[in-house]
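The values are calculated or read from the model by the stated rules, or taken from the named source; none is laboratory data. Worth saying up front: this structure is predicted, and the values here are computed from it rather than measured. Here the Cβ is made from the backbone with ideal geometry for all residues, glycine too, and neighbour counts use every protein chain on show.
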Amino acid sequence: MADAETRIGRPAPFFEACRHELRATRDLGPTLDLACGRGRNALAAAALGLEVVAVDRNAEHLAELRAAASEAALEVREADLESGNPPDLGAARFGAVLVFRYLHRPLAPWIASLLSPGGVLVYETFTTAQRALGWGPSRDAFLLEPGELPGLFPDLVVERFEEGPTDGPRPTETARLLARRPR
């Protein structure tokens, strides 16, 4: 895992904060990492002993993830989440869905529908406050308004919600949500 972290990157701090809840979803189904990028969170989920499906549209990033995940229980799928049709993930229900640094509001109901009863959504993405930092997305379509994230998932039970700056070498302004599908 240390070698993969060097190439791919460390998992997000909010992922780390939700490790216990994620580990507890193992019997509910695999973990889905949507818009996984190079797969830093997918690899971290696999390191927790979870079966993982990682989805992204960037073939080069997915190739890096495949190379880093050679021994992990990790399936990699290339798909454009914004094509108008969500990718076919079969009849699978997921114990957890991870979404980091990605926002396409029309997918929110579909994302919630993927969770098994008792499954968790771990979601973190940029807010409009990110603009003041001078890097990252600037279009409204890619930035959450204050307090918006929980409202995108009205049928899930919010267990943790926070907004504001993150720590790290390159601070960000994000909203962070841990929500559960009722049993």
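Of everything in the range 140-157, what is surrounded by fewer than 18 Cβ atoms within 10 Å (Cβ to Cβ) and farther than 18 Å from ALA35 by Cα? Give them in sequence order. Within the range 140-157, ASP140, GLU145, PRO146, GLY147, GLU148, PRO150, GLY151, PRO154, ASP155, VAL157 meet the criteria. Pairs are defined by a Cβ separation below 6 Å, a sequence spacing of at least 6 or placement on different chains, a first member in the range 111-127 that is within 10 Å of LEU144 (Cβ to Cβ) and part of a strand (DSSP E or B), and a second member that is of a type in the set (Ser, Thr, Tyr) and modelled with pLDDT under 95; no pair meets this definition. Examine the range 92-105 for a residue that is of a type in the set (D, E, K, R), at pLDDT below 95 and in contact with a Gly (Cβ under 9 Å, 6 or more places away or on another chain), and state whether such a residue exists. Scanning the range 92-105, I find at least one residue that is of a type in the set (D, E, K, R), at pLDDT below 95 and in contact with a Gly (Cβ under 9 Å, 6 or more places away or on another chain), so the answer is yes. Take the residues of the range 28-67 that are in contact with a helix residue (DSSP H, G or I) (Cβ under 6 Å, 6 or more places away or on another chain) and among the basic types (Lys, Arg): which is farthest from VAL122 (Cα to Cα)? Step by step, filter the range 28-67, then rank; the result is ARG38. Assess whether ASP33 counts as being in contact (Cβ under 8 Å) with a residue 60 or more places away in the chain and either outside any helix (DSSP H, G or I) or on the phi > 0 side of the Ramachandran plot (or both). Criteria met by ASP33. Criterion applied to PHE15, PHE94 was being crowded, with 16+ Cβ neighbours inside 10 Å, closer than 26 Å to ALA175 by Cα, in contact with a Phe, Trp or Tyr (Cβ under 9 Å, 6 or more places away or on another chain) and aromatic (Phe, Trp, Tyr), and the one residue passing it is PHE15. Taking the range 149-174 as the range and being out of contact with any strand residue (DSSP E or B) (no Cβ under 8 Å at 6 or more places or on another chain), modelled with pLDDT under 95 and not charged (D, E, K, R) as the test, the residues that pass are GLY168, PRO169.
Contact annotation: residue pairs with Cβ atoms under 7 Å, 6 or more positions apart or on different chains, pairing a residue in the range 40-61 that is more than 15 Å from VAL99 (Cα to Cα) with a partner that is outside any helix (DSSP H, G or I) and hydrophobic (A, V, I, L, M, F, W, C), are ALA46/VAL52; ALA46/ALA69; ALA46/ALA72; ALA46/ALA73; ALA46/LEU74; ALA47/MET1; GLU51/ALA73.
For the range 134-155, filtering for residues that are in contact with a Gly (Cβ under 9 Å, 6 or more places away or on another chain) and either among the polar types (S, T, N, Q) or in a loop (DSSP other than H, G, I, E, B) (or both) leaves 1.
Within the option set ALA92, ALA68, ALA132, being out of contact with any Cys (no Cβ under 8 Å at 6 or more places or on another chain), closer than 14 Å to ALA42 by Cβ, in contact (Cβ under 8 Å) with a residue 24 or more places away in the chain and of a type in the set (A, V, I, L, M, F, W, C) holds for one residue only, ALA68.
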